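Below is one structure, written out as structure tokens, with a few remarks after it.
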Amino acid sequence: MSSSRKPLILQIAVNVPLARTFDYLAPDGPVPAIGSRVRVPFGRRHETGIVVGHASESAFAGGRLRRASRALDDEPLLGEEDLALVRFTSDYYHHPIGEVAALALPVALRHGKPLATAAETVRATPAAPEPGELTRRAPKQAALLARLLEAGDTGIAADVLTEDVPGWRRTARPLIDKRAIRIDVTRAAERADEPAFIHGPELNSDQRRAVTAVSTAAGFTAFVLDGVTGSGKTEVYLQLIEATLNAGHQVLVLVPEIGLTPQLVRRFEHRLGFRPAAMHSSLTDNERLSAWRRARSGAARLLVGTRSAVFTPMPNLGLVIVDEEHDHSFKQQEGLRYSARDLAIVRAKRRDVPVILGSATPTLELLKHCEDGSYTRLVLPQRAGGASPPRLCLVDLNRHPPTEGLAAPLETAIDEHLADGGQALLFLNRRGFAPTLICTNCAHIAGCKRCDSRMTVHAGRSELRCHHCGATRPLDTRCPECTGNMRALGEGTERLEQRLAERFPGKRIVRIDSDSMARKGAIDEALDLATRGEADILVGTQMLSKGHHFPKLTLVGIVNADQGLFGSDFRSDERLAQSIVQVAGRAGREEKPGQVMIQTAFPEHRFWQRLIHGGYSGVAADALSERRASCWPPYSRLALLRASAHKRDDAAACLEAARAAALELSLPELRVLGPVDAPLLKKAGRFRVQLLLESSDRASLHRALAHVRQSLEDRPAARRARWSIDVDPVQLF
Ligand code: ADP
Ligand code: ZN
């Protein structure tokens, strides 16, 4: 089929921060397919890029195109659908396509490693025909088959084949379809420990209704599975996963990044009788590559992964599930600031398959979509298996002044619950010993030298640490200003743990936060202790609040609930309600009812009244009507531009230029707010300024962003600052 009309120019997405693709002449040999990788000379280096298009003419300066040095793959890594998602992501988040394409690949592939590794073995099967039968019609297939038959049961490592028979994968495809040959991926190890299969509970009627709704959906529908904590959402997922797999399709499950993935994967494993492919942060690059490859080939039927798994190619995708959709870890906070939840919805829509967004505390964005009918809400109003909802009450800190963070009524309740054979969990979203170190003489506060922030006291390591830039220094014992005594003020989880050890001698206390869980495997051990009921009191940050099921846990204490009560972000209420309801949901998940005590100095605050009497949906309804009145999301669209520089003026000038560019278009729907200093003006030695774009209509916002981006890229002065665009930001301050 080789002809003179084959495309000569490759449009390549190169992993560099520039908003365009690059044209190259095809290397010698077969033309690299769209979706495959090539090495290209780039400036004075070489880079790995992905072919995103073929063309016969270049739109860029004629005649002087360089030639790609070599192809890395003999087949596309990303299919048309995967590339379409990459393009969408690049457009929607106004982010360089080369960086998006790189993110869609596992690190190993990004760095040019081969797709296949020695772990893959190719074999002929007993169903293989005589190669002679194929010789005339398909000589290449015949040759490949002959080689494999020669190798017999041992088969041939894929890598060896790649060297000996370039392009063998393309030749192999029809043979695989005919089941004449097969590719085995480290089969022996997988077969060694097939998990035991455990039957799930009979679904209750609410769960059944949800399962029916999803399984009878024709094509794309977004389902919001709004189920209180412990209502059996996971059981609903499991049934739908099974049905989808039985129909021959693949399932993608996205979960938050909290080290919980192994627990969930194990649960899936026992209930489905096979091991799902997993993709999360504690895997090695090779493990990730292996999971990616199995998902892409269709061998992995179920993929459970965190954020970036949303880009994994799955040729037979039939269902997408986002568990704990409200979780902020679905939004990447640097570089490509994408929302994996939103991309999961986009992906399901393009593929025309259902997506389930599960949460006990659905975000207002989703609730609004349910209200206006674009998404379908499925409610699980009760806990499954007969457990009752936890009781919430307030502890007034004005009447019961706390000792090192704990008020008497909470301590008494801990005594009672422990005496009754229960377990207690104390939630404090602040790690370290104390958030402030102050001089008792002159009130000097230990601050970070690189940020506008206080240093947190970490007693375990006798050091001060900045939670914004990571700077550390030894604990001051004397004030550097007046040599007075320094004192730790306020409580973090470390101090709370110490107080509990004094107050509850002989009880086993386990602290779970990112400091105590830094060691690999630590979180699994701690969660096991908690699940087996061997820990009496758990202390921790939001790491402890999500998804866990601790059978003996009956009491939850929220130590410093006021922290979120006066936040300046328009999402403060939503966020506070989510974190409290989630952590409260850990209490009383089995026979004994759960109790939740919230320590606050503002018991009359409207937020508490609403939460206690109306639950999350009460707070959400209030917040939604406030947002409508003030035109905040989900009733408008936002993008946040951030700039930072060593001089404040450079950052500000960059965003002044952005502001001017946004206003140039005179879009009536667009509001431009700022630039203003970021609340933490100086971080890690850089000054930070921000500009908010807001629009009631999405198209205006994106037109403005495209124009702003172009203007900043064309403006040499803007290079004095680092700037970024955050579309649908979750963190405004
Ligand atoms: P969620 O994901 O909503 O927090 P889970 O699916 O983890 O809830 O279920 C909570 C607990 O209830 C689990 O122990 C689960 O095995 C149990 N469970 C779920 N559905 C049922 C049911 N229909 N009957 C009995 N127990 C159930
Ligand atoms: Zn700092």
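The values are calculated or read from the model by the stated rules, or taken from the named source; none is laboratory data. Quick caveat, the model's predicted, so the values are computed rather than measured. Virtual Cβ from ideal backbone geometry, glycine too; neighbours counted across all protein chains shown.
Quick look at the numbers
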{"item": "Enumerated helices (runs of 4 or more DSSP H) restricted to segment 103-174, each holding at least 1 residues that are of a type in the set (A, V, I, L, M, F, W, C), within 26 Å of residue 47 (Cα to Cα) and at pLDDT 85 or above", "result": "107-110"}
{"item": "Subset of segment 504-535 [part of a helix (DSSP H, G or I) and either of a type in the set (A, V, I, L, M) or closer than 17 Å to residue 427 by Cβ (or both)]", "result": "522, 523, 526, 527, 529, 530"}
{"item": "Strands (runs of 3 or more DSSP E) contained entirely in segment 583-689, each with at least 3 residues that are modelled with pLDDT under 95", "result": "670-683"}
{"item": "Counted residues, segment 679-696 - those being more than 14 Å from ligand 2 (Cβ to nearest atom) and hydrophobic (A, V, I, L, M, F, W, C)", "result": "4"}
{"item": "Subset of segment 463-480 (residues that are more than 13 Å from ligand 2 (Cβ to nearest atom), surrounded by 12 or more Cβ atoms within 10 Å (Cβ to Cβ) and assigned to a loop (DSSP other than H, G, I, E, B))", "result": "475, 476, 479"}
{"item": "Unmet requirement for residue 590, which otherwise passes all of (1) surrounded by fewer than 22 Cβ atoms within 10 Å (Cβ to Cβ); (2) closer than 25 Å to residue 398 by Cβ; (3) touching a residue at least 12 places away in the same chain (Cβ under 8 Å); (4) not hydrophobic (A, V, I, L, M, F, W, C)", "result": "(2)"}
{"item": "Any pair with Cβ under 6 angstrom, 6 or more apart, that starts in segment 228-256 at a residue that is assigned to a helix (DSSP H, G or I) and ends at one that is more than 16 Å from ligand 1 (Cβ to nearest atom)", "result": "241/251; 243/215; 244/251; 244/318; 244/319; 245/301"}
{"item": "Boolean, residue 385 is away from ligand 1 (no atom under 16 Å from the Cβ) and either closer than 30 Å to residue 326 by Cα or in a loop (DSSP other than H, G, I, E, B) (or both)", "result": "no"}
{"item": "Test: residue 303 is away from ligand 1 (no atom under 16 Å from the Cβ), more than 17 Å from the chain's Cα centre (by Cα) and surrounded by 17 or more Cβ atoms within 10 Å (Cβ to Cβ)", "result": "no"}
{"item": "For residue 236: the one exception among (1) at pLDDT 95 or above; (2) away from ligand 1 (no atom under 15 Å from the Cβ); (3) of a type in the set (A, V, I, L, M)", "result": "(2)"}
{"item": "When residues of segment 217-227 are limited to those that are of a type outside the set (Phe, Trp, Tyr) and in contact (Cβ under 8 Å) with a residue 60 or more places away in the chain, the one surrounded by the fewest Cβ atoms within 10 Å (Cβ to Cβ)", "result": "219"}
{"item": "Condition broken by residue 290, with the remaining ones in (1) buried (at least 24 other Cβ atoms within 10 Å of the Cβ); (2) outside any loop (DSSP other than H, G, I, E, B); (3) among the small types (Gly, Ala, Ser) satisfied", "result": "(1)"}
{"item": "Any chance residue 628 is among the basic types (Lys, Arg), closer than 29 Å to residue 369 by Cα and more than 16 Å from ligand 1 (Cβ to nearest atom)", "result": "yes"}
{"item": "Within segment 272-287, considering residues that are of a type outside the set (A, V, I, L, M, F, W, C) and part of a loop (DSSP other than H, G, I, E, B), the one farthest from residue 237 (Cα to Cα)", "result": "284"}
{"item": "Verdict on residue 85 being surrounded by 16 or more Cβ atoms within 10 Å (Cβ to Cβ), touching a Lys or Arg at 6+ places or on another chain (Cβ under 9 Å), assigned to a loop (DSSP other than H, G, I, E, B) and on the phi < 0 side of the Ramachandran plot", "result": "no"}
{"item": "Residue in segment 356-371 that is away from ligand 1 (no atom under 16 Å from the Cβ), of a type in the set (A, V, I, L, M) and either out of contact with any strand residue (DSSP E or B) (no Cβ under 6 Å at 6 or more places or on another chain) or under 15 Å from residue 233 (Cα atoms) (or both) present", "result": "yes"}
{"item": "Matching residues in segment 344-371 - criterion: being within 20 Å of the chain's Cα centre (by Cα) and either within 16 Å of ligand 2 (Cβ to nearest atom) or in a helix (DSSP H, G or I) (or both)", "result": "344, 345, 346, 347, 348, 349, 364, 365, 366"}
{"item": "Some residue of segment 132-150 being crowded, with 17+ Cβ neighbours inside 10 Å and either under 23 Å from residue 290 (Cβ atoms) or touching a residue at least 60 places away in the same chain (Cβ under 8 Å) (or both)", "result": "yes"}
{"item": "Filter result (hydroxyl-bearing (Ser, Thr, Tyr) and within 21 Å of residue 402 (Cα to Cα)) within segment 476-520", "result": "493"}
{"item": "Residue selected from segment 445-462 under the condition surrounded by 19 or more Cβ atoms within 10 Å (Cβ to Cβ), assigned to a loop (DSSP other than H, G, I, E, B) and within 31 Å of the chain's Cα centre (by Cα), by the criterion farthest from ligand 2 (Cβ to nearest atom)", "result": "455"}
{"item": "Filtered residues of segment 242-255 (kept if surrounded by fewer than 23 Cβ atoms within 10 Å (Cβ to Cβ) and within 16 Å of ligand 1 (Cβ to nearest atom))", "result": "242"}
{"item": "Per-region count, segment 48-98, residues in contact with a Ser or Thr (Cβ under 8 Å, 6 or more places away or on another chain) and within 30 Å of residue 693 (Cα to Cα)", "result": "4"}
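A quick yes/no check of all residues on (1) of a type in the set (A, V, I, L, M); (2) assigned to a loop (DSSP other than H, G, I, E, B); (3) within 16 Å of ligand 1 (Cβ to nearest atom):
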site	(1), (2), (3)
373	no, yes, no
400	no, yes, no
429	no, yes, no
437	yes, no, no
443	yes, yes, no
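The rows are residues; the columns are (1) hydrophobic (A, V, I, L, M, F, W, C); (2) surrounded by fewer than 16 Cβ atoms within 10 Å (Cβ to Cβ); (3) closer than 20 Å to residue 97 by Cβ.
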site: 680; (1), (2), (3): yes, yes, no
site: 689; (1), (2), (3): yes, no, no
site: 696; (1), (2), (3): no, yes, no
site: 702; (1), (2), (3): no, no, yes
site: 707; (1), (2), (3): no, no, yes
site: 714; (1), (2), (3): no, yes, yes
site: 718; (1), (2), (3): yes, no, no
